[in-house]
Every structure is written in C-alpha cells, then in structure tokens.
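Here is the structure we will look at, set down as structure tokens.
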Amino acid sequence: MFHPIELDRWERKDTFQNFMDLDCSYSVTQDLCVTPFHAHVRARGLRFYPAFSWAVLYAVNRHREFRMGLDGEGRPGYYDEIHAEYTVLDRRTGNMDSLNTAYRAAFSEFHAAMSADLERFERDGTRTVSRENSVLLSCVPWFTYTGLSFHMKSNLSFLRPMFVWGRYRRQGEELLMPFTIQAHHAATDGYHCHLLFADLERVLREPENYLK
C-alpha cells in the first residue's frame with residue numbers, strides 16, 4: 001500500500017522541495033566485508049545473488065526513506081513494503097534483462113522464490129511481473145570497482161533507490177565487495193545511507209542470525 005505524505009506537516013518538506021527543484025541525485029560506494037556471509041552461504045549450498053538481495057531488502061524495508069515514491073498526482077509518499085527488481089544476464093542474447101521477486105521476511109522463502117525465478121529465466125526466458133513498489137538491484141560479478149553512478153535524463157519522478165554491487169576481492173584474510181547506493185536527495189540524505197549500511201553490515205557479520 002502507498003501512503004501519501006502531507007507536505008505541510010512533513011518535517012522534511014523544505015529539503016524535499018529544494019532537492020526536487022534541483023533534480024539532485026547522488027551515489028555512495030563503500031566496500032563491504034562479506035567474509036562471514038560468503039562462508040555461511042557457501043557452506044549451506046545457497047546462491048549468493050538471492051542471499052545478498054534478501055540482505056539488501058531487509059535493510060531497505062527497515063527505513064521509510066528508501067521506500068519512497070510519487071503517486072499519480074505527483075505526491076510523495078512511501079510503500080509499506082518494497083520488493084526486488086533485479087538484473088539478469090540473458091546468455092542467449094548477451095543482453096541484460098530484469099526480473100521481479102516479492103520480498104518475504106523469511107529468508108528461506110525469499111531465497112527459494114528468487115532462485116526459482118532465476119532458474120526459469122535461465123531455462124526458457126520466463127519473465128516475471130514488475131511491481132511499482134520495488135527497488136532496483138544489480139550485480140556486476142565480472143569486475144570490481146571503486147565508484148559508480150547513473151546519469152539519467154531526469155530523476156524528478158524517480159525516487160526509488162538503486163543498489164549495485166561488484167565482484168568481491170580478497171584483501172588479506174577478508175573478502176571485500178564494492179556496494180553502491182544511488183538515491184534521490186529529495187528522499188534521502190547521507191545519514192539515511194549510514195543507517196542502511198549499518199543494518200546491512202549487521203546481516204553480513206551475523207548471517208547465522210538472519211539467514212534462517
């Protein structure tokens with residue numbers, strides 16, 4: 001469900017309108033330590049893409065700022081729950097496509113559902129239905145990187161954040177993976193990114209407490 005915000009009673013009204021007028025988006029890239037998470041996923045025969053996608057969605061759904069959008073009248077608001085719209089490589093054509101899997105709070109249910117969607121697409125190209133209340137996820141497992149940003153013609157009606165991660169690399173005893181948040185400044189500030197990173201990193205440090 002989408003909940004419109006009453007602008008005149010919203011403490012973020014001036015900030016929101018200022019950054020909407022500026023059409024200002026930004027990106028933040030940070031290395032994440034995925035050592036315990038990767039080991040946990042591998043030991044249990046799980047797929048990393050669905051597992052990490054769930055971790056991102058878990059963090060996103062804890063913060064209203066990353067669940068924002070605009071309704072048909074252009075009013076800002078937020079969704080009760082956010083789902084996953086994610087990129088996938090079509091090996092038959094070499095082009096990228098996208099699928100959508102509904103978020104489940106229970107990790108095992110989401111992992112099974114996204115794995116099944118990926119397997120159907122890999123087998124016969126079956127696509128899924130898109131949802132407006134989704135965030136955009138993308139993985140570029142072919143390389144690592146130090147920074148990334150998207151350049152759109154206009155972001156004014158696009159408050160949904162985008163999340164991208166690259167190939168993990170070994171540094172000493174740790175596995176580090178670049179992770180990028182691209183967000184519209186009307187919806188989120190750096191402080192909100194800090195809160196989301198904190199929740200995501202908690203899952204990565206303690207996978208046994210979350211991936212049940």
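Just a few scattered comments:
- Reported count of residues in the range 117-135, each being part of a loop (DSSP other than H, G, I, E, B), touching a strand residue (DSSP E or B) at 6+ places or on another chain (Cβ under 8 Å) and without any contact (Cβ under 8 Å) to a residue 60 or more places away in the chain, is 6.
- Any chance ALA105 is in a loop (DSSP other than H, G, I, E, B) and of a type in the set (A, V, I, L, M): yes
- Some residue of the range 106-116 being touching a residue at least 12 places away in the same chain (Cβ under 8 Å), surrounded by fewer than 18 Cβ atoms within 10 Å (Cβ to Cβ), within 15 Å of ASN61 (Cβ to Cβ) and of a type in the set (A, V, I, L, M, F, W, C): yes
- Counting only residues that are surrounded by fewer than 18 Cβ atoms within 10 Å (Cβ to Cβ), under 21 Å from TYR86 (Cα atoms) and at pLDDT 95 or above, the range 147-182 holds 1 of them.
- Screening LEU32 with (1) part of a helix (DSSP H, G or I); (2) buried (at least 17 other Cβ atoms within 10 Å of the Cβ); (3) touching an Asp or Glu at 6+ places or on another chain (Cβ under 8 Å) gives one miss only, at (1).
- Residue in the range 183-203 that is assigned to a loop (DSSP other than H, G, I, E, B) and loosely packed, with under 13 Cβ neighbours inside 10 Å present: no
- Taking (1) among the hydrophobic types (A, V, I, L, M, F, W, C); (2) exposed (fewer than 15 other Cβ atoms within 10 Å of the Cβ); (3) under 18 Å from the mean Cα position of the chain (by Cα); (4) under 16 Å from MET177 (Cβ atoms) in turn, PHE48 satisfies each apart from (2).
The values are calculated or read from the model by the stated rules, or taken from the named source; none is laboratory data. Being a predicted model, the structure only gives us computed values, none of them experimental. Every residue, glycine as well, gets a Cβ built from its backbone with ideal geometry; the counts of neighbours run over all protein chains shown.
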